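Every number here is computed from the coordinates shown, using simple stated rules; none is lab data. Source: prediction; values computed, not measured. Because the Cβ atoms are built from the backbone with ideal geometry, glycine has one as well, and the counts that use them run over all protein chains shown.
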Amino acid sequence: MNVGVLALQGSVAEHMKMITSVNKKIDVTPVRTIDELSTVDGLIIPGGESTTLRILLDEFDLYTPVKARIEAGMPVWGTCAGLILLADSVENEKPYFGLLDVSVKRNAYGRQIDSFVAEGDFAGMYIGMVFIRAPKITRVGGGVEVLAEHDGTPVAVRQKNILATSFHPEMMPRDNRVHKYFINMIDSKV
């Protein structure tokens, strides 16, 4: 199995470390090119800055091949900014990939200084959730499963091969269970 992490901006190294901590036999590839994308069985779109990621995905000619792979069933996981890129509705802006049937509001949990850690249930596992300038999911479509909530608001969702979280599981270095969940998604597709 080869897990890709979009390596244009954001928490790339943290995700790569977490995947390796799940199973050292799993290959982890930083993805910056179409050739690197073609080698992976699943892709993590990390947190960072969604506007910057849009620009870089376009500059690196990755928009079309990434979207095509997701539409063809490749498992993808968007954390924070990745969620914004996957959503089919983003408040006050045009959606980017538009493949996940949710609406989101950018930076809805506040500025960088307002970052916080919460705890809650994720798919039957009690985990820590790190929120950093996190987007809020304001609408969930009928085919979308809510995996976690914070104060009654969805913060982790899944629609077929697409996983998305408002929070940053990669920032909880001693807990790799959300990464393990994503690896299981890939494993069921490979």
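Worth pointing out:
- Just so you know, the Cα atoms of region 9-137 work out to an Rg and Dmax of 14.9, 43 Å.
- Working note: 222 nm ellipticity from helices only, DSSP H runs with n ≥ 4, each -39,500 (n - 2.57), summed and divided by the residues of the chain, gives -8000 deg cm²/dmol to the nearest 500.
- Charged side chains reduced to their Cβ positions (Lys and Arg at +1, Asp and Glu at -1) give region 149-190 a dipole of some 220 debye around its Cα centre.
- Candidates ILE127, ILE55, ILE137, ranked by Gaussian network fluctuation over the chain, Cα under 10 Å, top entry: ILE55
- Charge dipole of region 53-171 (Cα centre as origin; +1 on each Lys and Arg Cβ, -1 on each Asp and Glu Cβ, all else neutral): 180 debye, rounded to the nearest 20.
- Globularity ratio of region 24-66, using Cα Rg and 2.2 N^0.38 Å: 1.22
- Selected from MET125, MET74, MET172 as most flexible by GNM, with the chain as the system and alpha-carbon contacts under 10 Å: MET125
- Candidates GLU36, GLU59, GLU49: whichever shows maximal mean-square fluctuation once the chain is modelled as a Gaussian network with Cα springs under 10 Å: GLU59
- Scattering curve values for region 75-119, log₁₀ I(q)/I(0), Debye with Cα scatterers, q = 0.19, 0.30 Å⁻¹: -0.62, -1.06
- Taking amide hydrogens as placed 1.01 Å from N in the peptide plane, the amide H of VAL104 sits under 5 Å from those of SER89, VAL90, GLU91, THR138, each at least 5 positions away in sequence or on another chain.
- DSSP beta bridges in region 1-152 [antiparallel fraction, %, rounded to 5]: 50
- The mean sequence separation of alpha-carbon pairs under 8 Å and at least six residues apart, normalised by the residue count of the chain, gives a relative contact order of 20 percent.
- The eigenvalues of the Cα gyration tensor, multiplied by 5 and square-rooted, give region 50-125 an equivalent ellipsoid with semi-axes of 23, 17, 12 Å from largest to smallest.
- Shape of region 93-163 from the C-alpha gyration tensor: oblate (a/c of 1.5 or more and a/b not above b/c, with a ≥ b ≥ c the square roots of its eigenvalues).
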